[in-house]
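*Asks:* Okay, here's the structure, questions in a sec.
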Amino acid sequence: MHASKIASPLAVGRNVPRKDSAEKVAGAAKYVDDLVFPGMLYGRTIRSTIPRGRIAATRLAFDQRGFVVADYRDIPGRNVVALIEDDQPFLAEREIRHTAEPILLLAHESRDLLLRAHVEIGYERENPVLDPESSPTAFKSLAIDKGEIEDGFSEADIIIEGEYRTGHQEHIYIETNGVIAVPQDGGITLLGSMQCPFYVHKALKSMLGWSDERIRVVQTETGGGFGGKEEYPSLIAGHAALLALKANRPVKIVYDRAEDMIATTKRHPAIVRHRTGVKRDGRLTAMDIDIVMDAGAYVTLSPVVLSRGAIHAAGPYRCDHVRVRGRAMMTNTPPNGAFRGFGAPQTQFAVEVHMERIAETLGIDPVKLRETNAFRPGDTTSTGQILGEDCSALDVLRRAVRRSGFRTRQRRYAGTNRGIGLALFYHGSGFTGGGEVRLASKASLGLTERGVQILVASTEIGQGTRTMHAQIVADALGVPFDDVYPVQPDTSNVPDSGPTVASRTCMVVGRILQQCAEEMKTRLGGMTPREFFAAHGPMIVTSEYEGPSGIKWDDSTYRGDAYSTYAWACDVAEVEINPDTFEVRPLKLTCVHDIGKAIHPVLVAGQIEGGTAQGIGYALIEQVVMREGSMANAQLTNYTIPTTLDTPPIDVVIVENPSRYGPHGAKGVGELPIDGPAPAIVNAVRSIGIDLREIPAVPEIVMKAIDLGKGKTDARHVPL
Amino acid sequence: MKGVIAGLEMREPSSLDEALSAMRNDPSLVPLAGCTDLYVALNFGTLESTRFLNLWSIDELRVIEKSNDALSIGALTTYKSIIQSKLVRKRLPMLISAAREIGGAQIHNRGTLGGNIANGSPAGDTLPVLAAADATVVMRSADAERRVPLTQFYTGYRKSVLRADELIVAVEIPSFSGKQWFRKVGTRAAQAISKVVMAAVRSPRPRIALGSVAPTVIRLPMTEGALEEGAPIQEAQRILMDEISPIDDMRSTEEYRRRVASNLLGRFWAETE
């Protein structure tokens with residue numbers, strides 16, 4: 001029968017079964033630590049125990065039989081993790097810039113002997129820089145200017161200032177970082193848990209000084225990333241490769257949880273200061289914003305984290321005069337890096353809590369203040385981007401207010417220990433500015449005996465890449481969803497479709513796949529894939545990202561279209577504060593998210609619920625305790641993330657206001673949900689009368705905020 | 001850093017007598033049962049011992065019974081068994097409240113009351129209950145059995161009177177009257193280590209015990225005395241704040257613990273009127 005005569009149900013918009021659910025539910029999916037190779041050794045990383053100084057001496061205080069030991073002198077190419085700046089070494093040579101910095105590598109076939117091996121390292125200590133504000137080194141400074149800030153202040157009736165602080169956050173992916181390096185045939189294969197196989201490929205090429213084809217990187221089944229496996233796997237892959245090449249045997253390095261927490265990247269802490277001019281009716285006339293981010297010891301991705309943070313810093317609000325200054329400062333702590341939200345959660349926390357304080361100061365209802373200022377289509381952002389019809393700020397705000405019964409509850413909670421607050425926020429989809437054009441990502445579709453094969457470097461890390469891509473391809477080709485299947489991302493087999501980051505996997509890579517499918521459909525000339533295969537054999541179609549026309553961005557002035565589209569959302573949080581323990585308990589979150597098009601509604605709701613839960617942890621519980629530049633609570637016992645009992649019912653509403661660029665109008669969804677919960681929750685606490693401006697708002701911080709508000713005279717028994 | 005597992009030895013006695021004689025002959029043996037604390041230390045490489053005695057199969061230490069007028073709970077009784085025990089529910093409901101808040105289902109199935117006592121953490125959640133209930137720890141060696149009140153069992157931070165050749169075999173709780181009250185304050189709503197934990201009994205002679213506010217679990221005799229003499233609760237709260245000695249650590253602050261302990265006393269008093 002001819003395919004065109006069969007009405008196969010459309011896959012997009014339906015909750016089709018995940019491509020990977022059977023294997024994962026059955027426990028059959030193989031993660032890196034499940035893999036064993038003949039002759040495989042285990043690797044271990046010897047790390048610095050001081051935050052700053054120089055290595056004076058190293059001594060291997062163990063019987064070295066059966067051991068392979070590698071240090072920086074074993075690196076044949078360049079001893080830098082190639083990313084943005086070439087500053088971070090794979091292995092320290094002399095200088096130590098942070099605790100847990102890798103110095104030496106050991107490998108042995110016995111894990112126990114490996115763990116017992118004692119290495120003594122002598123140091124010349126130097127005083128570490130731990131406060132980003134007193135650091136002499138800025139890795140990146142940037143400026144965004146719109147209008148004339150002083151004109152804006154002169155138009156203002158009132159000027160309101162405030163300082164807001166956000167802490168580190170750990171990713172807590174369920175699977176820790178891990179790789180296996182397998183040397184073979186004059187080359188090397190790296191298998192591991194990662195988001196970006198081609199980042200690892202690039203870093204290894206530079207470290208080894210080898211040509212492309214000698215290095216192969218394969219993503220194994222990955223138990224979560226959240227940004228924590230964007231850049232870090234390059235480092236651990238380099239370590240495993242050095243040991244494997246020296247031993248000429250496969251080497252596995254899998255971190256345990258403590259090592260993963262002490263050594264790997266975290267979300268950048270930030271201090272954001274606002275000075276805002278407003279009219280008495282609430283209209284914003286000037287927004288002057290200063291951002292300081294703690295980058296840690298090496299640049300990693302800090303410039304782009306800062307950039308996204310700065311672009312989102314003024315919130316989804318119209319204002320003619322905006323000045324943003326941002327700095328990413330070096331400190332002697334492990335480098336901070338990519339984390340879901342990528343700078344935007346920090347700056348949108350600040351602007352949304354600041355908006356609440358503006359409402360309080362002016363005596364204006366917080367919803368009304370946001371309605372007055374929210375972006376409409378045709379408004380311009382701080383970078384001068386003119387927003388199109390895909391701008392939904394006002395719509396999501398009004399829906400969230402209605403859906404949550406905001407005003408009724410506001411009245412009901414008045415004078416009690418319960419409160420309600422909201423946050424209006426947005427998130428640019430894909431790489432910033434000209435990033436997508438520079439990446440020039442490619443994707444391919446292969447026609448095989450089995451059906452249609454998706455060839456992309458985009459990784460499935462739990463978020464549903466395989467399923468969502470197959471849905472898009474199936475519908476574009478007009479074939480059943482079951483006939484489309486994913487392959488394991490393998491740099492020797494798939495084109496470079498860019499990293500799996502920045503909420504771009506559906507909107508950008510999905511769009512390229514849609515182009516591939518459209519072209520393949522033309523080439524099929526009305527035949528089904530099976531008929532075509534029987535007649536002509538296999539076929540491969542490759543397509544490259546085509547930037548939307550009319551998008552302009554100038555990286556030197558930070559002017560132009562920062563993102564081809566934005567996703568928009570409003571979260572409403574209801575909370576209760578315990579007067580005895582100062583604990584804030586979320587009662588309910590209402591999350592109204594415009595993500596353009598839900599390719600797979602259940603997966604989208606999962607992203608929103610998961611991001612919201614992670615945002616609750618960021619707001620209230622997850623506290624990285626740093627002592628002398630090192631994480632003191634690097635255990636899941638003491639760095640606690642929300643349990644089911646800490647996570648209230650989450651009412652998810654998906655709004656579909658399509659973008660012109662994504663497949664079926666899809667915008668990014670992965671990161672958006674982490675931006676809103678913290679300011680919504682803190683604003684809910686504020687509505688009870690507690691002047692909170694800092695997260696994580698652990699009870700100890702809430703207690704202090706209550707004391708400051710009430711005066712310390714009778715602080716022991718706070719009448720709430 | 002992760003501990004080394006190879007080279008560990010474990011003996012498997014089949015009876016209490018066999019276990020006790022093994023301990024007499026070899027004081028380096030470390031008894032283990034549910035391992036819910038011990039494996040954490042093993043995993044972090046902070047466990048010094050390499051030789052262990054597995055008590056898990058000694059069922060004679062799992063009995064919950066009335067002994068004379070006291071409630072006797074065997075040392076190997078798991079939190080799960082405590083939660084399910086009608087006798088405990090009737091006599092010592094605050095122990096059920098405490099057991100419910102220790103870890104999740106896996107810990108409930110493996111963690112034991114004797115282990116919580118032997119581990120000796122000042123944050124052990126059953127300890128304030130046992131202290132407030134005037135519990136006695138029953139210890140046995142191959143030669144003798146002895147009884148020590150829980151309030152005299154600990155001699156310092158994670159230090160106790162238990163000798164290397166002795167096992168905790170049971171806890172005895174004398175009969176008492178009065179409303180029982182328990183509250184745990186952890187770093188999140190469930191599966192957390194206590195920042196402050198309190199158990200108390202409202203009776204003409206109130207009994208109040210706190211965890212995580214001193215090097216060991218403590219009773220508060222001065223606070224109790226003030227309440228017994230009819231002092232206003234605010235006065236008792238002031239006394240409590242002087243009677244405890246909390247510290248700053250990675251989970252909380254001294255000030256928070258003092259304030260919350262005081263607030264919990266106020267809450268206890270208000271809720272048990």
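The values are calculated or read from the model by the stated rules, or taken from the named source; none is laboratory data. Note that the coordinates shown come from a computational prediction; the quantities given were computed from them, not determined experimentally. Note that each Cβ is placed from the backbone with ideal geometry, even for glycine, and that neighbours are counted across all protein chains shown.
*Asks:* Name the single residue that is farthest from A:THR381 (Cα to Cα) among those in the stretch A:295-337 being part of a strand (DSSP E or B) and of a type in the set (D, E, K, R). Walk me through how you get there before you give the answer.
*Replies:* The first filter runs over the stretch A:295-337 and keeps only residues part of a strand (DSSP E or B), leaving A:295-296, A:317, A:322-330.
Pick out the ones that are also of a type in the set (D, E, K, R) and you get A:323, A:325, A:327.
Working: A:ARG323: 12, A:ARG325: 16, A:ARG327: 21 Å.
So, considering only residues that are part of a strand (DSSP E or B) and of a type in the set (D, E, K, R), the one farthest from A:THR381 (Cα to Cα) is A:ARG327.
*Asks:* Can you tell me which residues in the stretch A:618-638 are under 30 Å from A:ARG52 (Cβ atoms), facing another protein chain (nearest Cβ under 9 Å) and either among the charged types (D, E, K, R) or surrounded by 20 or more Cβ atoms within 10 Å (Cβ to Cβ) (or both)?
*Replies:* Quick first cut of the stretch A:618-638, residues under 30 Å from A:ARG52 (Cβ atoms) only: A:618, A:622-638.
When the remaining residues are screened for being facing another protein chain (nearest Cβ under 9 Å), the result is A:623, A:625, A:627, A:632-633, A:635, A:637-638.
Answer for the stretch A:618-638, where residues must be under 30 Å from A:ARG52 (Cβ atoms), facing another protein chain (nearest Cβ under 9 Å) and either among the charged types (D, E, K, R) or surrounded by 20 or more Cβ atoms within 10 Å (Cβ to Cβ) (or both): A:GLN623, A:ARG627, A:ASN633.
*Asks:* Quick test of your reading of the structure: A:HIS312 fulfils all but one of (1) closer than 18 Å to A:ARG165 by Cα; (2) without any contact (Cβ under 8 Å) to a residue 24 or more places away in the chain. Name the failing condition by number.
*Replies:* Checking A:HIS312 against (1) closer than 18 Å to A:ARG165 by Cα; (2) without any contact (Cβ under 8 Å) to a residue 24 or more places away in the chain, the one that fails is (2).
*Asks:* I would also like to ask the following. Report, by residue number, each residue of the stretch A:248-288 that is within 14 Å of another protein chain (Cβ to nearest Cβ) and basic (Lys, Arg). I'd like the intermediate steps shown before the answer.
*Replies:* First pass over the stretch A:248-288, keeping only residues within 14 Å of another protein chain (Cβ to nearest Cβ): A:253-263.
Hit for the stretch A:248-288 is A:ARG257, nothing else.
*Asks:* Considering (1) part of a strand (DSSP E or B); (2) over 35 Å from the mean Cα position of the chain (by Cα), say which one A:ILE103 fails and leave the rest.
*Replies:* With respect to (1) part of a strand (DSSP E or B); (2) over 35 Å from the mean Cα position of the chain (by Cα), A:ILE103 is out only on (2).
Table: residues versus (1) within 12 Å of another protein chain (Cβ to nearest Cβ); (2) within 18 Å of the chain's Cα centre (by Cα); (3) buried (at least 24 other Cβ atoms within 10 Å of the Cβ); (4) farther than 27 Å from A:ILE706 by Cα.
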| position | (1), (2), (3), (4) |
| --- | --- |
| B:VAL185 | yes, yes, yes, no |
| B:LEU220 | no, yes, yes, yes |
| B:ALA231 | no, no, no, yes |
| B:ILE239 | no, no, no, no |
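*Asks:* Go through the stretch A:511-567 and give me each residue that's aromatic (Phe, Trp, Tyr) and within 25 Å of the chain's Cα centre (by Cα). Give the derivation first.
*Replies:* Restricting attention to the stretch A:511-567, the residues satisfying the condition of being aromatic (Phe, Trp, Tyr) are A:532-533, A:545, A:553, A:558, A:563, A:566.
Selection gives A:TYR545, A:TRP553, A:TYR558, A:TYR563, A:TYR566.
*Asks:* Would the stretch A:651-669 turn up any residue that is within 20 Å of the chain's Cα centre (by Cα) and farther than 27 Å from A:GLU389 by Cα?
*Replies:* No, every residue in the stretch A:651-669 fails to be within 20 Å of the chain's Cα centre (by Cα) and farther than 27 Å from A:GLU389 by Cα.
*Asks:* Go through the stretch A:481-503 and give me each residue that's hydrophobic (A, V, I, L, M, F, W, C) and outside any loop (DSSP other than H, G, I, E, B).
*Replies:* Here is the first cut: in the stretch A:481-503, the ones hydrophobic (A, V, I, L, M, F, W, C) are A:481, A:484, A:487, A:494, A:501-502.
Answer for the stretch A:481-503, where residues must be hydrophobic (A, V, I, L, M, F, W, C) and outside any loop (DSSP other than H, G, I, E, B): A:PHE481, A:VAL484.
*Asks:* Go through the residues of the stretch A:438-455 one by one and say whether even a single one is out of contact with any strand residue (DSSP E or B) (no Cβ under 7 Å at 6 or more places or on another chain), over 30 Å from A:VAL541 (Cα atoms) and part of a loop (DSSP other than H, G, I, E, B).
*Replies:* no
*Asks:* Residues in the stretch B:90-110: is at least one within 14 Å of chain A (Cβ to nearest Cβ) and in contact with a strand residue (DSSP E or B) (Cβ under 7 Å, 6 or more places away or on another chain)? Show your work before the answer.
*Replies:* Looking only at the stretch B:90-110, we keep the residues that are within 14 Å of chain A (Cβ to nearest Cβ), and these are B:100-107.
Now narrow it down to the ones that are in contact with a strand residue (DSSP E or B) (Cβ under 7 Å, 6 or more places away or on another chain): B:101.
Looking for residues that are within 14 Å of chain A (Cβ to nearest Cβ) and in contact with a strand residue (DSSP E or B) (Cβ under 7 Å, 6 or more places away or on another chain), one finds at least one in the stretch B:90-110, hence yes.
*Asks:* Taking the condition surrounded by fewer than 23 Cβ atoms within 10 Å (Cβ to Cβ) and either within 13 Å of chain A (Cβ to nearest Cβ) or closer than 23 Å to A:ILE577 by Cα (or both), does B:ARG258 pass? I'd like the intermediate steps shown before the answer.
*Replies:* On the way: surrounded by fewer than 23 Cβ atoms within 10 Å (Cβ to Cβ): yes; either within 13 Å of chain A (Cβ to nearest Cβ) or closer than 23 Å to A:ILE577 by Cα (or both): yes.
In short, yes.
*Asks:* Exactly one of these conditions fails for B:ALA105: (1) surrounded by fewer than 24 Cβ atoms within 10 Å (Cβ to Cβ); (2) touching a residue at least 40 places away in the same chain (Cβ under 8 Å). Give me its number.
*Replies:* The number of the failed condition is (2).
*Asks:* Still on this model: Within the stretch B:196-235, which residues are more than 26 Å from B:VAL88 (Cβ to Cβ) and of a type outside the set (A, V, I, L, M)?
*Replies:* Correct list: B:PRO215, B:PRO221, B:THR223, B:GLY225, B:GLU228, B:GLU229, B:GLY230, B:PRO232, B:GLN234, B:GLU235.
Residue-wise test of (1) buried (at least 19 other Cβ atoms within 10 Å of the Cβ); (2) within 14 Å of chain A (Cβ to nearest Cβ).
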| site | (1), (2) |
| --- | --- |
| B:ALA170 | yes, no |
| B:PHE176 | no, no |
| B:ALA189 | no, yes |
| B:LYS195 | yes, yes |
| B:VAL201 | yes, no |
| B:ALA209 | yes, no |
| B:SER262 | yes, yes |
| B:PHE268 | yes, yes |
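*Asks:* Right, here's the next one. Could you list all residues from the stretch B:1-19 that are assigned to a loop (DSSP other than H, G, I, E, B), touching a residue at least 24 places away in the same chain (Cβ under 8 Å) and either facing chain A (nearest Cβ under 7 Å) or under 18 Å from B:THR46 (Cα atoms) (or both)?
*Replies:* Applying the first criterion (assigned to a loop (DSSP other than H, G, I, E, B)) to the stretch B:1-19 yields B:1-8, B:12-15.
With the extra rule that they be touching a residue at least 24 places away in the same chain (Cβ under 8 Å), the set shrinks to B:1-5, B:7-8, B:12-15.
Correct list: B:MET1, B:LYS2, B:GLY3, B:VAL4, B:ILE5, B:GLY7, B:LEU8.
*Asks:* Scan the stretch B:62-89 for residues that are among the hydrophobic types (A, V, I, L, M, F, W, C), touching a strand residue (DSSP E or B) at 6+ places or on another chain (Cβ under 8 Å) and within 20 Å of B:LYS184 (Cβ to Cβ) and jot them down.
*Replies:* Residues of the stretch B:62-89 among the hydrophobic types (A, V, I, L, M, F, W, C): B:63-64, B:70-71, B:73, B:75-76, B:82-83, B:87-88.
This time we only want the ones that are touching a strand residue (DSSP E or B) at 6+ places or on another chain (Cβ under 8 Å), so: B:63-64, B:70-71, B:73, B:75-76, B:82, B:87-88.
The answer is B:ILE73, B:ILE82, B:VAL88.
*Asks:* Another question, if that's okay. May I ask you to verify whether A:ILE688 is touching a residue at least 40 places away in the same chain (Cβ under 8 Å) and within 22 Å of the chain's Cα centre (by Cα)? Before you say what the answer is, go through the steps one by one.
*Replies:* On the way: touching a residue at least 40 places away in the same chain (Cβ under 8 Å): yes; within 22 Å of the chain's Cα centre (by Cα): no.
Considered against the rule, which asks whether it is touching a residue at least 40 places away in the same chain (Cβ under 8 Å) and within 22 Å of the chain's Cα centre (by Cα), A:ILE688 comes out as no.
*Asks:* Would you say A:LEU142 is touching a strand residue (DSSP E or B) at 6+ places or on another chain (Cβ under 7 Å), surrounded by fewer than 22 Cβ atoms within 10 Å (Cβ to Cβ) and at pLDDT 95 or above? So that I can check it myself, show each step before the final result.
*Replies:* Details: touching a strand residue (DSSP E or B) at 6+ places or on another chain (Cβ under 7 Å): yes; surrounded by fewer than 22 Cβ atoms within 10 Å (Cβ to Cβ): yes; at pLDDT 95 or above: yes.
For A:LEU142, the condition - touching a strand residue (DSSP E or B) at 6+ places or on another chain (Cβ under 7 Å), surrounded by fewer than 22 Cβ atoms within 10 Å (Cβ to Cβ) and at pLDDT 95 or above - is met.
*Asks:* Provide a single number: the residues in the stretch A:538-553 that are in contact with a Leu (Cβ under 6 Å, 6 or more places away or on another chain), hydrophobic (A, V, I, L, M, F, W, C) and not in a strand (DSSP E or B). Before you say what the answer is, go through the steps one by one.
*Replies:* Here is the first cut: in the stretch A:538-553, the residues in contact with a Leu (Cβ under 6 Å, 6 or more places away or on another chain) are A:538-539, A:541.
Next, from what is left, pick out any that are hydrophobic (A, V, I, L, M, F, W, C): A:539, A:541.
Subset that is not in a strand (DSSP E or B): none.
Matching residues across the stretch A:538-553 total 0.
*Asks:* Select from the stretch A:512-537 the residues that are touching a residue at least 40 places away in the same chain (Cβ under 8 Å), small (Gly, Ala, Ser) and not in a helix (DSSP H, G or I) and list them in ascending order.
*Replies:* Selection gives A:GLY526 alone.
*Asks:* Could you tell me whether any residue of the stretch B:53-65 is loosely packed, with under 14 Cβ neighbours inside 10 Å, more than 14 Å from chain A (Cβ to nearest Cβ) and in contact with a helix residue (DSSP H, G or I) (Cβ under 6 Å, 6 or more places away or on another chain)?
*Replies:* Yes, that holds for at least one residue.
*Asks:* OK, next. Scanning for something away from chain B (no Cβ under 14 Å) and either modelled with pLDDT of 95 or more or buried (at least 18 other Cβ atoms within 10 Å of the Cβ) (or both), does the stretch A:108-119 turn up at least one residue?
*Replies:* Here is the first cut: in the stretch A:108-119, the residues away from chain B (no Cβ under 14 Å) are none.
Checked the stretch A:108-119: no residue is away from chain B (no Cβ under 14 Å) and either modelled with pLDDT of 95 or more or buried (at least 18 other Cβ atoms within 10 Å of the Cβ) (or both).
*Asks:* Follow-up. Of all residues being buried (at least 19 other Cβ atoms within 10 Å of the Cβ) and of a type outside the set (A, V, I, L, M) in the stretch A:484-495, which is nearest to A:VAL473 (Cα to Cα)? Just the residue, please. Reasoning before the result, please.
*Replies:* Step one: list which residues in the stretch A:484-495 are buried (at least 19 other Cβ atoms within 10 Å of the Cβ), which gives A:484, A:486, A:489, A:491, A:494-495.
Restricting the remaining residues to those that are of a type outside the set (A, V, I, L, M) gives A:486, A:489, A:491, A:495.
Numbers: A:PRO486: 11, A:PRO489: 17, A:THR491: 21, A:PRO495: 17 Å.
Only one residue tops the list, namely A:PRO486.
Residue by residue, here is whether (1) within 14 Å of chain B (Cβ to nearest Cβ); (2) buried (at least 24 other Cβ atoms within 10 Å of the Cβ); (3) on the phi > 0 side of the Ramachandran plot holds:
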| residue | (1), (2), (3) |
| --- | --- |
| A:THR557 | no, no, no |
| A:GLY560 | no, no, yes |
| A:TRP568 | no, yes, no |
| A:GLU576 | yes, no, no |
| A:PRO579 | yes, no, no |
| A:ASP594 | no, yes, no |
| A:HIS600 | no, no, no |
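*Asks:* Is it the case that A:ILE608 is within 12 Å of chain B (Cβ to nearest Cβ), part of a helix (DSSP H, G or I) and of a type in the set (A, V, I, L, M)? Outline the logic, then answer.
*Replies:* Details: within 12 Å of chain B (Cβ to nearest Cβ): no; part of a helix (DSSP H, G or I): yes; of a type in the set (A, V, I, L, M): yes.
When the stated conditions are applied, A:ILE608 does not pass them.
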